[in-house]
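Novice: This is the structure, below, for whatever I ask next.
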Amino acid sequence: MSDTTGCPVSRFKKALYHFLQTLPDEPPIPGYMAYYRVASNSVPDQMALLKRDFLTGSSGGPPQL
């Protein structure tokens, strides 16, 4: 997210909206998926997942066996 210090509220909201659009929406639904990549759908967990994927070159998804 870009630096929004001292900016108008409308600019902050727009930057926040665009930032949140980059996060995956992977809520854990019992019985829907046998494999979860993160413990929860929280912003910190999803950010950690994106960072881990970036550092490892992963494109996401379950591991290929």
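Nothing in this text is a laboratory measurement; each read-out follows from the coordinates by a stated rule. Since the model is a prediction, treat every value here as computed from it, not as a measurement. Virtual Cβ from ideal backbone geometry, glycine too; neighbours counted across all protein chains shown.
Novice: Using 0.36 nm per residue, how much length does the chain from residue 40 to residue 22 gain when fully extended, once their Cα-Cα distance is taken away? Could the numbers behind the result be given before it?
Specialist: Values: separation 18, 0.36 × 18 = 6.48 nm, distance 1.64 nm.
Full-extension gain reported as 4.8 nm.
Novice: Here is a further query. Under a plain spin-label model, where a point goes 7 Å from the Cα along Cα-to-Cβ, how far apart in nm are residue 56 and residue 15?
Specialist: So the two model labels end up 3.1 nm from each other.
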